[in-house]
Amino acid sequence: EVQLVESGGGFVQPGGSLRLSCAASGFTLSSYSMDWFRQAPGKGLEWIAYISSTASTIYYTDSVKGRFTISRDTAKNSLYLQMNSLRDEDTAVYYCAKEKAGPPTIEEWGQGTLVTVSS
Amino acid sequence: DTQMTQSPSTLSASVGDRVTITCRASQSSGRLLAWYQQKPGKAPTLLIYKASLLESGVPSRFSGSGSGTEFTLTIASLQPDDFATYYCLQSFTYPYTFGQGTKVEIK
């Protein structure tokens, strides 16, 4: 059974940093592309970052470019999101997600971890 | 960026009703369009992918259609477990973009 478990969320002041982790089980991370999404309180879903199965291709949404970094550790079968220079508007539940093999489709989501940025 | 316009934003319906939700893309998304259901406090779950393919384990009352710029999610006979918010997502081009969501409420 595929499982994605996020951790690392919490309360941080503007300008601070957090590192989110996503522990994957039931599949090998190096065989699938992965993404991070977020959802601000009471708002819709937003895609923020992508890493290909080989880690050779990475994309970010414009609002996080230069501040967030997606990475993975295949030995730990874990995905990460390093978030620096956090802003109030980064407050959201952050989800990691697994894509299907083949044409891109998000098929599995973690339960999410809440990041609150506030002074 | 591809803008996804989803309608309606809210839908009031009764158990047994046929429900249709539409997503229009500002540019072609091919058939790389998926539909998700989200309940309060939970992660989204995949219902339909590649516009019309039913994800394993999803009830057959859910169906999807469309290609290019216009897509539809239909629930043939609304069940109590279906009251939730539904999102479309295009994965044809980066950034992936979602519709604004449709909240299906009990009439």
Can you classify chain B as rounded, prolate or oblate using the Cα gyration tensor, where a ≥ b ≥ c are the square roots of its eigenvalues, rounded means a/c under 1.5, and otherwise it's prolate if a/b beats b/c and oblate if not?
prolate
Excluding residues fewer than 8 places away in the same chain, name every one of the lysines whose C-alpha is closer than 26 Å to that of A:K98.
A:K43, A:K65, A:K76, B:K39, B:K42, B:K50, B:K103
Please go through the range A:56-108 and write out the trypsin sites (Lys or Arg not before Pro) that DSSP classes as loop and that have at most 14 other C-beta atoms within 10 Å.
A:K65, A:K76, A:R87
Explain nothing, just the number: relative contact order of chain B, from Cα pairs under 8 Å at least 6 residues apart, as a whole percent.
39 percent
Considering only A:L18, A:L81, A:L45, give the residue with the highest GNM mean-square fluctuation for chain A, with springs between Cα atoms whenever their separation is below 10 Å.
A:L45
Distance in nm between pseudo-label sites at B:Q100 and A:S7 (7 Å out along the Cβ direction from Cα):
3.9 nm
What FRET efficiency comes out for the pair A:S30/A:T116, r = Cβ-Cβ distance, R0 = 30 Å, nearest 0.05?
0.40
Take every DSSP beta bridge with both residues inside the protein assembly as shown and express the antiparallel ones as a percent of the total, to the nearest 5.
90 percent
In nm, to one decimal, how far is the modelled label at B:K39 from the one at A:S17, with both set 7 Å along Cα→Cβ?
3.9 nm
Pairwise centroid distance, computed over Cα atoms, of the range B:26-100 with the range A:71-103, Å
22 Å
Each label point is 7 Å from the Cα along the Cα-to-Cβ direction; what then is the distance between the points at B:T74 and A:K43, in nm?
3.5 nm
Rg ratio (alpha-carbon, reference 2.2 N^0.38 Å) - the protein assembly as shown:
1.00
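Every read-out reported here was derived from the displayed coordinates using simple, explicitly stated rules and does not represent laboratory data. Small disclaimer: the values here were computed from a predicted structure and weren't measured. We place every Cβ from the backbone using ideal geometry, glycine too, and count neighbours over all the protein chains shown.
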